[in-house]
Structures are given as C-alpha cells and as structure tokens.
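Here's the structure, in structure tokens; my notes come after.
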Amino acid sequence: MESLNWVDSTPEMKSYSLIAPAKINLYLEIIGDRPDGFHELVMILQSIELADRLQIKSNNTQKISLHCNHPQLPADRTNLAYRAAQLMCEEFPDIYDNYGGIDITIEKNIPVAAGLAGGSTDAAAVLVGINLIWELGLTQPELQELGAKLGSDIPFCISGGTAIATGKGEQLDPLNDLDHLWVVLAKYNNLGISTPWAYQAYRQQFGDTYVLDKEGIKSRTAQIHSGPLVSAIIHKDGAAIGKLLHNDLEKVVLPEIPQVAQLRRAFAETGVLGTMMSGSGPTVFALCESEVRAQQVKQEVSEMIGDPELNFWISKLTSAGIQVAS
Ligand code: ATP
C-alpha cells in the first residue's frame, strides 16, 4: 500500500465528524483454538444505532493527539483509536510527512468494557477518517485488512449491518438488514468484564470440547450458513431470531457474575422476543419488535431490579457501519 502517490503541495487542514456504532452479538459460538493463540469463532454480529462520535482532523504537528470525554478511558497510546492513527502513519509514512499529525476527539456514548466493541468502532472510525483526510482512496476491504491488524472486531465495525463473522471474527459474510428491530441494553455501572478473562475462563472449563481438526472447524463454520438463525434473519422473523440467540460465553460469565444472570432472567420474564449477553458481557440486551415495546421493557426491568447502578439504553438495529456525520 506504500505505493500510493502523495501530493506534493501543502494540504489544507481537513476535518471529519464520524459516527461509530456499537455492535451486539446475535450469536457467538466458540469452536476451538487457533495456532495463533486466538479462538476460532462463529458469530453473527449486528450494528446498533448507539454510537460514539469522533472528530478527526489533521494538525500540522507530526503528532497524534487524542481527547476523550470519558474519564476512565486512556487518552494515550493504549487507546485503540490512537493505535489506529499510529498504524496509518506507519503504513503511509510519506503521506503522514506531507499532511502532518492527527487530532482525534472522542465523544464516548458506548459503555466501556461492555461487550459492545466500543474501542473497535472508535478505531474503525479513525481508519475511515484518515482515509478521507489523506485522500488515500482505500477501498472498504483494504481498510478492513488494515483494521484486522489491530483487532478482530474492527473489520465488522467498518462495514457494520448484520454479518456472519468467522475465523477470529475478521472474516465477514454480510447478511440482509434487520433494521426494523429494537434493543434494550442494560449494564451495571460498576461492572466491566475483560474479554481475555472471559475467553481464558471458557478455555479452562470447556477446552476439552474444542474441535481440533481443520475439517471439523470448516464444517462447524458451514453449519451457521444453512442454520435456523440465518434463515430467520433472511426472513426478518424477529420472533424466531429472538428464540435462536446464543452466546457460549454466558456459560462462564453468568455463574461468575450473578447480577448478569439476574438481569437476563428479568428481561426473559417480560416476554421479549429474546435476551442474551452481548460478546463477553456484562451488557445484556433484549430484542423488541418496536420502540414502544422497548420502553415498556426498560421500565419493567428497572422496577423489577431497582438498582440505581443499572443503566439502560434503547437503540434500533442499523444497517450502517462507520458513517460521515452530515
Ligand atoms: P469487545 O466487545 O470488542 O471485546 P468491549 O466492548 O468489551 O470490546 P471496549 O469498550 O472496547 O470493550 O473496552 C475494552 C478495553 O479497551 C477497556 O478496558 C478500555 O480501557 C480499552 N480501550 C482502549 N481504547 C478504547 C476506546 N477507544 N474505547 C473503549 N475502550 C477502549
């Protein structure tokens, strides 16, 4: 990619405002171990309208600077958004020299360490934003290839919508839109789950069930394509989708964190289409057929649990990935 031509003139200072949606997992199955130490996964990922907003602009300083309105988030090199900018500078050093550094401002709306890919979507937005500012003309697959170097959820966050994700989660097969459905998300303020912890705990407890041979992994991966959940998605059948939600990581998180298990039971009692923990949690979501229904469910669960530490968000499913704000 270094072969791109760079413009030998003083570039104007450009700025883009980007919308970076969160994701939920409609399906997460752990198939086995990979030689690179990651897990072999089969997932169905879904973007939701709950989104961070990022402002990306060139700054003429040869530095990357990052500002974030969330007090617990690092504003340094450990922030995934920063690392995305750093990756672009390393991949395109001549263009970086020409345009200068990047200012990133993150307005954080997605809860952190919540299983909603908040960090990944910020990184995806930075890749898309720098592609625009530097006029690189990289295609979506090229940006996704770069994103996969930083994190397995980033390729999905770039394109968004509804997709089957296999491998580490970076191999995507897009499905049709499901943007007629709504979700209620609930998360305890004081609870965050480390994704590596959840996967390690799963390996410890269920490692003996892992499929080890390549053929076995291939056939498990193929099963999802012809399986009932994909069929329900194709038919936009909310009731069937709700019944078929699945997340293997619930097997380690629910017994460990009783509040999450209680939250999931409370959602189920309201008779929603379906309820599930997203990713490695601790966010639990409930699928609803309308916004009105989502509001009722939020009210009922909030009254049932009655804990001020419990936060709710209502969001629509969306077919959009990273978007430039109008
Ligand atoms: P995933 O679902 O992709 O596993 P998550 O939603 O569980 O991710 P994140 O919100 O992405 O979790 O945060 C995971 C960790 O990454 C946090 O401990 C946080 O400090 C760190 N992090 C780094 N950069 C960011 C960012 N821009 N936004 C959120 N978290 C970030």
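The values are calculated or read from the model by the stated rules, or taken from the named source; none is laboratory data. Remember, it's a predicted structure, so these values are computed and weren't measured experimentally. Positions of Cβ are backbone-derived with ideal geometry, glycine not excepted, and every protein chain shown enters the neighbour counts. Ligands, DNA and RNA are stripped out before the accessible areas are found, and what is left, the full protein with its side chains, is counted by its heavy atoms. Shrake-Rupley method; radii C 1.70, N 1.55, O 1.52, S 1.80 Å.
ASP94 fails exactly one of the following numbered conditions: (1) touching a Phe, Trp or Tyr at 6+ places or on another chain (Cβ under 6 Å); (2) open to solvent by less than 40 Å² (accessible area, probe 1.4 Å); (3) modelled with pLDDT under 95. What is the number of that condition? Result: ASP94 passes all but (2). The set of residues in the stretch 123-157 being closer than 21 Å to VAL183 by Cα and open to solvent by less than 10 Å² (accessible area, probe 1.4 Å) consists of PHE156, CYS157. Being under 21 Å from the mean Cα position of the chain (by Cα) and surrounded by 21 or more Cβ atoms within 10 Å (Cβ to Cβ) is a property that VAL324 lacks.
Selection within the stretch 97-119: residues that are open to solvent by 10 Å² or more (accessible area, probe 1.4 Å) and either charged (D, E, K, R) or touching a Ser or Thr at 6+ places or on another chain (Cβ under 8 Å) (or both). The member of this set that is nearest to GLU250 (Cα to Cα) is GLY115. Confirm whether ALA163 is more than 10 Å from the ligand (Cβ to nearest atom) and not assigned by TED's automatic domain parsing to the domain that holds ALA239. For ALA163, the condition - more than 10 Å from the ligand (Cβ to nearest atom) and not assigned by TED's automatic domain parsing to the domain that holds ALA239 - is met.
Yes/no matrix, rows are residues, columns are (1) under 19 Å from SER194 (Cα atoms); (2) touching a helix residue (DSSP H, G or I) at 6+ places or on another chain (Cβ under 6 Å); (3) open to solvent by 70 Å² or more (accessible area, probe 1.4 Å):
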residue: LEU212; (1), (2), (3): no, no, yes
residue: ILE217; (1), (2), (3): no, no, no
residue: VAL230; (1), (2), (3): no, no, no
residue: GLY242; (1), (2), (3): no, no, no
residue: HIS246; (1), (2), (3): no, no, no
residue: GLN262; (1), (2), (3): no, no, yes
residue: LEU287; (1), (2), (3): no, yes, no
residue: GLU303; (1), (2), (3): no, no, yes
residue: ASP307; (1), (2), (3): no, no, no
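Evaluating ASP237 against the criteria (1) outside the structural domain of GLN262 (by TED's automatic domain parsing); (2) of a type in the set (Asp, Glu); (3) closer than 30 Å to GLU289 by Cβ leaves one unmet condition, (1). Pairs linking a residue in the stretch 55-74 that is on the phi < 0 side of the Ramachandran plot to a residue that is away from the ligand (no atom under 13 Å from the Cβ) and open to solvent by 90 Å² or more (accessible area, probe 1.4 Å), with Cβ atoms under 8 Å and 6 or more positions apart or on different chains, are LYS57/MET13; SER58/MET13; ASN59/MET13. Being away from the ligand (no atom under 16 Å from the Cβ) and either assigned by TED's automatic domain parsing to the domain that holds ALA294 or closer than 30 Å to ASP33 by Cβ (or both) narrows it down to one of PRO174, PRO111, so name that one. Residue meeting the stated conditions: PRO174.
Restricting the search to the stretch 63-82, which residues are more than 8 Å from the ligand (Cβ to nearest atom) and surrounded by 20 or more Cβ atoms within 10 Å (Cβ to Cβ)? Once the filter is applied, which keeps residues that are more than 8 Å from the ligand (Cβ to nearest atom) and surrounded by 20 or more Cβ atoms within 10 Å (Cβ to Cβ), the stretch 63-82 yields ILE64, LEU66. Scan the stretch 54-76 and tell me whether some residue there is under 30 Å from GLN204 (Cβ atoms), outside any strand (DSSP E or B) and of a type in the set (Asp, Glu). Among the residues of the stretch 54-76, not one is under 30 Å from GLN204 (Cβ atoms), outside any strand (DSSP E or B) and of a type in the set (Asp, Glu), which makes the answer no.
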